[in-house]
Amino acid sequence: MAGRPKPKRGRGRLSSIDLLPPEADHVVAWAFQELRERERTQLEIWFEFNDKLAALGLGPISKTAFNRHSIRLASMARRHEEVRAMTSALTERLEPGQTDDLTIIAAETIKTLIFEITENEQLTPKGAMELARALQAAVNSQKLSLDRKRAIEEQFAAKVDDALEKVSSEKGLSSEQAEFFRREVLGVKS
């Protein structure tokens, strides 16, 4: 198939920032936080970043490597914020019982993504194991949501039964009328 780009495999070449030792993690995190706050220029942050690395006996990181890293982080942060905004907008519109529906939708989306990944790429054993874990987590979330939904429905049905029993005894409601209210007005199935 001419013209179709070959899908990327793996994570690609590690950058000089990715190759920094673990003792520099706090400096990288500091730089990322400074970039996210957008109060200083990238050049100022880069200079201070290299100063902090030099204090640890590391560095310097080139301006182009820092720029590539900051662009990648900004892109990831932007996508994360977009997903957070979409999720927030969806959950604000849902009623309390419907949040379980959102969990089920997310689990089904993960299942679809796993299917597409396995369809389009060869998997290593480790990749297959990671996909299996993601699928298991999605299924567990789905089951937890369904269990919670069932428990809420059972609690509601019990409260309805208690209320109808109380009204029946105090107001002389017949069992047929109580069953009508239970089923048709309150929507509780027998």
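Of all residues in segment 68-92, those that are over 17 Å from residue 34 (Cα atoms), modelled with pLDDT of 70 or more and surrounded by 14 or more Cβ atoms within 10 Å (Cβ to Cβ) total 0. Restricting attention to segment 44-82, the residues that are of a type in the set (A, V, I, L, M, F, W, C), part of a helix (DSSP H, G or I) and in contact (Cβ under 8 Å) with a residue 12 or more places away in the chain add up to 9. With respect to residue 156, determine if the residue is surrounded by 12 or more Cβ atoms within 10 Å (Cβ to Cβ), modelled with pLDDT under 75 and of a type in the set (Phe, Trp, Tyr). So residue 156 fails the test. Considering segment 27-67, the residues that are out of contact with any Pro (no Cβ under 7 Å at 6 or more places or on another chain), closer than 18 Å to residue 15 by Cβ and among the polar types (S, T, N, Q) include one that is surrounded by the fewest Cβ atoms within 10 Å (Cβ to Cβ), namely 64. Quick check on segment 168-176. Is at least one of its residues surrounded by 13 or more Cβ atoms within 10 Å (Cβ to Cβ) and of a type in the set (S, T, N, Q)? Yes: one or more hits.
For (1) of a type in the set (Gly, Ala, Ser); (2) modelled with pLDDT of 70 or more, each residue gets a yes or a no:
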position: 94; (1), (2): no, no
position: 97; (1), (2): yes, no
position: 100; (1), (2): no, no
position: 103; (1), (2): no, no
position: 116; (1), (2): no, no
position: 135; (1), (2): no, yes
position: 151; (1), (2): yes, yes
position: 163; (1), (2): yes, yes
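Every listed requirement among (1) surrounded by 15 or more Cβ atoms within 10 Å (Cβ to Cβ); (2) modelled with pLDDT of 75 or more is met by residue 141 save one, (2). May I ask you to verify whether residue 36 is in contact (Cβ under 8 Å) with a residue 12 or more places away in the chain and over 17 Å from residue 16 (Cβ atoms)? Yes.
This table checks each residue for (1) among the aliphatic types (A, V, I, L, M); (2) within 33 Å of the chain's Cα centre (by Cα).
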{"residue": "22", "(1), (2)": "no, yes"}
{"residue": "26", "(1), (2)": "no, yes"}
{"residue": "30", "(1), (2)": "no, yes"}
{"residue": "35", "(1), (2)": "yes, yes"}
{"residue": "45", "(1), (2)": "yes, yes"}
{"residue": "56", "(1), (2)": "yes, no"}
{"residue": "60", "(1), (2)": "no, no"}
{"residue": "65", "(1), (2)": "yes, yes"}
{"residue": "69", "(1), (2)": "no, yes"}
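Picking from residues in segment 1-39 that are under 20 Å from residue 81 (Cβ atoms) and outside any helix (DSSP H, G or I), the one that is modelled with the lowest pLDDT is 38.
The values are calculated or read from the model by the stated rules, or taken from the named source; none is laboratory data. Every value quoted in this text rests on a predicted model; they were computed, and no experiment measured them. A quick note on method: Cβ atoms are made from the backbone with ideal geometry, for glycine too, and the neighbour counts reach across all protein chains shown.
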